[in-house]
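The values are calculated or read from the model by the stated rules, or taken from the named source; none is laboratory data. What you see is a predicted model; the values in this text were computed from it and never measured. Cβ placement follows ideal geometry from the backbone for every residue including glycine, while neighbour counts extend to all protein chains displayed. To get the accessible areas, we keep the full protein, side chains included, count just its heavy atoms, and leave off ligands, DNA and RNA. Shrake-Rupley method; radii C 1.70, N 1.55, O 1.52, S 1.80 Å.
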Amino acid sequence: MSTVVISGASKGIGKAAAAQFIEAGHLVFNLSRTPADIPGIKNVLIDLAGTQARQKVTAFADSLQPGVLHLVHNAARLTSETVRSDDIDNFRSVININVIAPQILNAALLPKMNAGSSIVYVGSTLSEKAVPNSFSYVVTKHAMIGMMRATCQDLAGSGIHTACVCPGFTNTEMLRAHVGDSQEILDSIAAGSTFGRLIEPTEIAGTICFVADNPVINGAIIHANLGQIEN
Ligand SMILES: NC(=O)c1ccc[n+]([C@@H]2O[C@H](COP(=O)([O-])OP(=O)(O)OC[C@H]3O[C@@H](n4cnc5c(N)ncnc54)[C@H](OP(=O)(O)O)[C@@H]3O)[C@@H](O)[C@H]2O)c1
């Protein structure tokens, strides 16, 4: 049994991934502000963007024994603003959860990660392209690709592999909140995929679990988006 640490497994994609890792027999820790209601999961309640994040993550890491550990950087925030925004506090807070928190986790947990471990970044279609009105999200999701590539190079020879899974539009609270829960907008988003539907969180979860288990996928960007219709 190996250990899995997922940021933001209380809902959405992270929760679905946690359920699949538990099903596969792993010991799974969820790090989020609210607990995941999944039987068998170990909840560590923490605001990964908060001032105490580093201290709490370090204390959590100290409680673990070294071994095979899969770390999934999944927690994120999506806000709406443009390059004209002067709300620097919001920009900083999105960077905190989307970029700084993964590095706090990397630094604390890598000493516990033996060969066979993995670091899976959850990016987005917006890790490689931009749309209007999602400035901080586009910037930070692009950064995740850089973090993943640097992780791959820095961990050469360690037996630890890494990849960035980039989901397309997935049926979660994040997406619904972003579009104001409008069914009309959700339908038009679904129509932008070659399958004419939204992705289910379990589909991205399966991709994350596959990547964690397969070291041949190292330094890779994995598009998990049902195929997007290009206009
Ligand atoms: N849904 C999509 O269409 C889509 C598309 C592309 C990429 N993605 C990516 O997929 C990942 C998961 O997204 P999702 O749609 O499943 O989002 P979600 O349903 O909003 O879940 C986000 C998770 O992040 C946690 N989180 C947020 N802020 C946190 C903080 N400060 N400290 C600790 N945990 C925090 C939340 O837990 P608490 O609220 O309990 O703290 C929650 O478990 C994200 O990286 C997202 O960018 C999603």
(message) The conditions are (1) of a type outside the set (S, T, N, Q); (2) surrounded by fewer than 17 Cβ atoms within 10 Å (Cβ to Cβ); (3) part of a strand (DSSP E or B), and residue 111 fails exactly one of them. Which is it?
(response) (3)
(request) Determine if region 114-129 includes at least one residue that is open to solvent by 20 Å² or more (accessible area, probe 1.4 Å), farther than 22 Å from residue 215 by Cβ and within 11 Å of the ligand (Cβ to nearest atom). (result) yes
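Condition check: free of Cβ contacts under 8 Å to residues at least 40 places away in the same chain, surrounded by fewer than 21 Cβ atoms within 10 Å (Cβ to Cβ) and small (Gly, Ala, Ser). Does residue 59 satisfy that?
Details: free of Cβ contacts under 8 Å to residues at least 40 places away in the same chain: yes; surrounded by fewer than 21 Cβ atoms within 10 Å (Cβ to Cβ): yes; small (Gly, Ala, Ser): yes.
Criteria met by residue 59.
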(request) Could you please find all residues in region 174-187 being open to solvent by less than 60 Å² (accessible area, probe 1.4 Å) and part of a helix (DSSP H, G or I)? (result) 175, 186
(message) Please go through region 130-163 and give me each residue that is of a type in the set (A, V, I, L, M), away from the ligand (no atom under 13 Å from the Cβ) and within 19 Å of residue 83 (Cβ to Cβ), ordered by number.
(response) 130
(request) Return yes or no: is residue 94 part of a strand (DSSP E or B) and either among the basic types (Lys, Arg) or open to solvent by less than 30 Å² (accessible area, probe 1.4 Å) (or both)? (result) no
(message) Considering only residues that are in contact with a helix residue (DSSP H, G or I) (Cβ under 6 Å, 6 or more places away or on another chain) and surrounded by 18 or more Cβ atoms within 10 Å (Cβ to Cβ), which ones fall in region 188-216?
(response) 198, 201, 204, 205, 208, 209
(request) Please state which one of 40, 12 is away from the ligand (no atom under 11 Å from the Cβ) and out of contact with any strand residue (DSSP E or B) (no Cβ under 7 Å at 6 or more places or on another chain). (result) 40
(request) Out of 48, 78, report the one residue that is closer than 20 Å to residue 166 by Cβ, within 15 Å of the chain's Cα centre (by Cα) and within 14 Å of the ligand (Cβ to nearest atom). (result) 78
(request) Can you work out which of the residues in region 164-189 that are more than 17 Å from residue 126 (Cβ to Cβ) and away from the ligand (no atom under 11 Å from the Cβ) is modelled with the lowest pLDDT? (result) 181
(message) If I ask for residues that are assigned to a strand (DSSP E or B), open to solvent by less than 40 Å² (accessible area, probe 1.4 Å) and not polar (S, T, N, Q), which ones from region 1-51 would you list?
(response) 4, 5, 6, 28, 29, 31, 44
(message) Please go through (1) hydrophobic (A, V, I, L, M, F, W, C); (2) assigned to a helix (DSSP H, G or I); (3) touching an Asp or Glu at 6+ places or on another chain (Cβ under 8 Å) for residue 99 and return the number of the only condition it doesn't satisfy.
(response) (3)
